[in-house]
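Following: one structure in structure tokens, then a few remarks.
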Amino acid sequence: MPPPSPFRAAHLHLHTLRTPKTPRPAFFAVQHRHASTKHPKNFRPPTQDELEDLRERTIDFTRREITHDVAQATDHSNEFPHAMWKKLGDAGLLGVTADEEYGGLSMGYQAHCVILEELSRASGSIGLSYAAHSQLCVNQIMLNGNEEQKMKYLPDLVSGDKIGALAMSEHTAGSDVVGGMRMTAKEAGDGSGYVLNGTKMWITNGPDAHLVVVYAKTDPEAGTKGMTAFLVDTSSSGFSVARKLDKLGMRGSNTGELLFDNVHVPHSHILGSVNKGVKVLMEGLDLERLVLSAGPLGLMKAALDVTLPYVHERKQFGVPLATNQFMQGKLADMYTKYRASSAFTYSIARHIDESYEDPDIKTQDCAGAILYAAERATECGLDAIQCLGGMGYMNEMAAGRIMRDAKLYEIGAGTSEIRRMVIGRAFNKEFGVR
């Protein structure tokens, strides 16, 4: 096992000082799922001291490595700073929910939210690529991989030597990804595995990834019961990146269209079971939405970071802008939206962590957290631009980047409209209504 990172060493030290917590009761009898494998081995809920220590260490990392100039250059060049992966790995940030034996922190979803929030505060695009790697890829393997797969892939992913991604969406399958999926995986003639054919679209980290979690139809006639998840090595013959996409925001979070032309995948690379891909998908989807809701939190913080100093220093009519009541109203709204969104996300993450022995994960809570935070983040980005006036419209300032980055969270990981549908359907299911 590799030596512990600074983050892990500090976590181990604090672990000896804490006392056990009593899991909080669930207050509402609503739709939820129970499982026993959502957290790493030997997991115990982190104390507030541990989470604050983790936050401070992450902030120290971003101040050193993701400065304003780095964030702006990443956005303007539309290029991810490749050396950042190894820096993130060396700092111990890439395996938050991975077991210690693979180099992970063996922490939970509160910790993951803390790290993503502070990375996104420094750079939305770097934060998004981080989440695609550490949550969509690493955590999916932790939740669904067998021991051989974990040993083979997780150490390099956690160290930052390899980059991970998840490929689900297609040109014709966005919100209707399960029903509209066209990518196929047919059994190889020699029985050695499966052959994948098709395309995947809007894949975060796709142009850079060494390993991709790929969903494909192994039995197209079976609908939701005919999809399988695969671990695809991007060095495989027949795999290629058709193009890197030029996006409105999250620039530098390299996103691409992936082509699979007779890509052979051995049986050992099936994630979960054949035709059980929907189970793999759902195992991670609620937690994906929860963790990703921390991205908008960081962007709201970033909007305040940009706006507050400016309106207190900039003078018009002989007084600081912040003395204007209209401006005070915008600041109050931005701050309140951040605080409310943060309370929502972390209360859900805390409940999931504290119920770790029999995790209580409510679909409507996770969808609600990202629905609310994403929309509030876009509003805060727009308010930041307005508060800065003409300077807010200049690309040399971060306000425009923050707003453009925030808008992605209303679209990716399920649009705001789909999230509302998911919440409504959860209540319908509770009351036996189809």
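The values are calculated or read from the model by the stated rules, or taken from the named source; none is laboratory data. Predicted, not measured: the structure shown is a model, and the values here were computed from it. Note: ideal-geometry Cβ built from the backbone for every residue, glycine included; neighbour counts use all protein chains shown. Calculation scope for accessible area: heavy atoms of the full protein, side chains included, ligands and nucleic acids excluded. Shrake-Rupley method; radii C 1.70, N 1.55, O 1.52, S 1.80 Å.
Has segment 390-406 got any residue that is more than 17 Å from LEU304 (Cα to Cα) and of a type in the set (Phe, Trp, Tyr)?
no
From the list GLU288, GLU257, which one is open to solvent by less than 30 Å² (accessible area, probe 1.4 Å), of a type in the set (D, E, K, R) and farther than 30 Å from ALA384 by Cα? Give the steps one after another, and end with the answer.
Working: GLU288 fails: farther than 30 Å from ALA384 by Cα.
The unique qualifying residue is GLU257.
Do any residues in segment 382-398 that are of a type in the set (S, T, N, Q) have Cβ atoms under 8 Å from those of residues that are crowded, with 22+ Cβ neighbours inside 10 Å and outside any helix (DSSP H, G or I), where the two are at least six apart or on different chains, and which pairs are they?
Once the first residue is of a type in the set (S, T, N, Q) and sits in segment 382-398, no partner that is crowded, with 22+ Cβ neighbours inside 10 Å and outside any helix (DSSP H, G or I) comes close enough.
Inspect all residues belonging to segment 122-135 and state whether any of them is at pLDDT 95 or above, closer than 25 Å to PHE344 by Cβ, among the small types (Gly, Ala, Ser) and in a loop (DSSP other than H, G, I, E, B).
yes
Run down THR363, THR415 and say which single residue is of a type in the set (Ser, Thr, Tyr), closer than 17 Å to GLY295 by Cα and in contact (Cβ under 8 Å) with a residue 40 or more places away in the chain.
Details: THR363 fails: closer than 17 Å to GLY295 by Cα.
From the options THR363, THR415, the qualifying one is THR415.
Condition (residue is surrounded by fewer than 22 Cβ atoms within 10 Å (Cβ to Cβ) and assigned to a strand (DSSP E or B)) applied to segment 298-317: is it met by at least one residue?
Yes, segment 298-317 contains a residue that is surrounded by fewer than 22 Cβ atoms within 10 Å (Cβ to Cβ) and assigned to a strand (DSSP E or B).
Out of PHE317, PHE344, I need the residue that is more than 23 Å from the chain's Cα centre (by Cα) and either aromatic (Phe, Trp, Tyr) or closer than 28 Å to ALA167 by Cα (or both). Which one?
On the way: PHE344 fails: more than 23 Å from the chain's Cα centre (by Cα).
The match here is PHE317.
Name every residue in segment 231-256 that is part of a loop (DSSP other than H, G, I, E, B), hydroxyl-bearing (Ser, Thr, Tyr) and in contact with a Phe, Trp or Tyr (Cβ under 8 Å, 6 or more places away or on another chain), in order of residue number. Break it down stepwise before answering.
Just the residues of segment 231-256 that are part of a loop (DSSP other than H, G, I, E, B), to begin with: 234-238, 245-254.
Add one more test, that the residue is hydroxyl-bearing (Ser, Thr, Tyr), and what stays is 234-237, 253.
Passing the criteria: only SER253.
Quickly run through segment 123-152 and pick out the residues that are open to solvent by 10 Å² or more (accessible area, probe 1.4 Å) and touching a Phe, Trp or Tyr at 6+ places or on another chain (Cβ under 9 Å).
LEU128, MET142, GLY145, LYS150, MET151
Within segment 47-72, take every residue that is in contact (Cβ under 8 Å) with a residue 24 or more places away in the chain and farther than 22 Å from GLY92 by Cα and give me the one that is least open to solvent (accessible area, probe 1.4 Å).
The selected residue is GLN72.
Given the structure, is GLU118 in a helix (DSSP H, G or I), open to solvent by less than 10 Å² (accessible area, probe 1.4 Å) and either farther than 18 Å from PRO207 by Cβ or in contact with a Ser or Thr (Cβ under 7 Å, 6 or more places away or on another chain) (or both)?
Numbers: in a helix (DSSP H, G or I): yes; open to solvent by less than 10 Å² (accessible area, probe 1.4 Å): yes; either farther than 18 Å from PRO207 by Cβ or in contact with a Ser or Thr (Cβ under 7 Å, 6 or more places away or on another chain) (or both): yes.
Yes.
Taking segment 146-204 only, how many residues are touching a Gly at 6+ places or on another chain (Cβ under 6 Å), under 26 Å from ASP246 (Cα atoms) and β-branched (Val, Ile, Thr)?
2
Which is open to solvent by 10 Å² or more (accessible area, probe 1.4 Å), touching a helix residue (DSSP H, G or I) at 6+ places or on another chain (Cβ under 9 Å), under 29 Å from GLU417 (Cα atoms) and among the small types (Gly, Ala, Ser), of GLY223, GLY272? Quick ask: steps written out before the conclusion?
Values: GLY272 fails: under 29 Å from GLU417 (Cα atoms).
Only one candidate passes the filter, namely GLY223.
Among the candidates MET183, MET227, which residue alone is over 22 Å from the mean Cα position of the chain (by Cα), within 30 Å of TRP85 (Cα to Cα) and touching a residue at least 40 places away in the same chain (Cβ under 8 Å)? Break it down stepwise before answering.
Details: MET227 fails: within 30 Å of TRP85 (Cα to Cα).
Residue meeting the stated conditions: MET183.
Within segment 9-16, is even one residue modelled with pLDDT of 90 or more and open to solvent by 40 Å² or more (accessible area, probe 1.4 Å)?
Just the residues of segment 9-16 that are modelled with pLDDT of 90 or more, to begin with: none.
Within segment 9-16, not a single residue is modelled with pLDDT of 90 or more and open to solvent by 40 Å² or more (accessible area, probe 1.4 Å).
For segment 131-150, name all the residues that are over 15 Å from THR97 (Cα atoms), in contact (Cβ under 8 Å) with a residue 12 or more places away in the chain and not charged (D, E, K, R). Break it down stepwise before answering.
First, the residues of segment 131-150 that are over 15 Å from THR97 (Cα atoms): 146-149.
Subsequent filtering for residues that are in contact (Cβ under 8 Å) with a residue 12 or more places away in the chain retains 148-149.
Of everything in segment 131-150, just one residue is over 15 Å from THR97 (Cα atoms), in contact (Cβ under 8 Å) with a residue 12 or more places away in the chain and not charged (D, E, K, R), namely GLN149.
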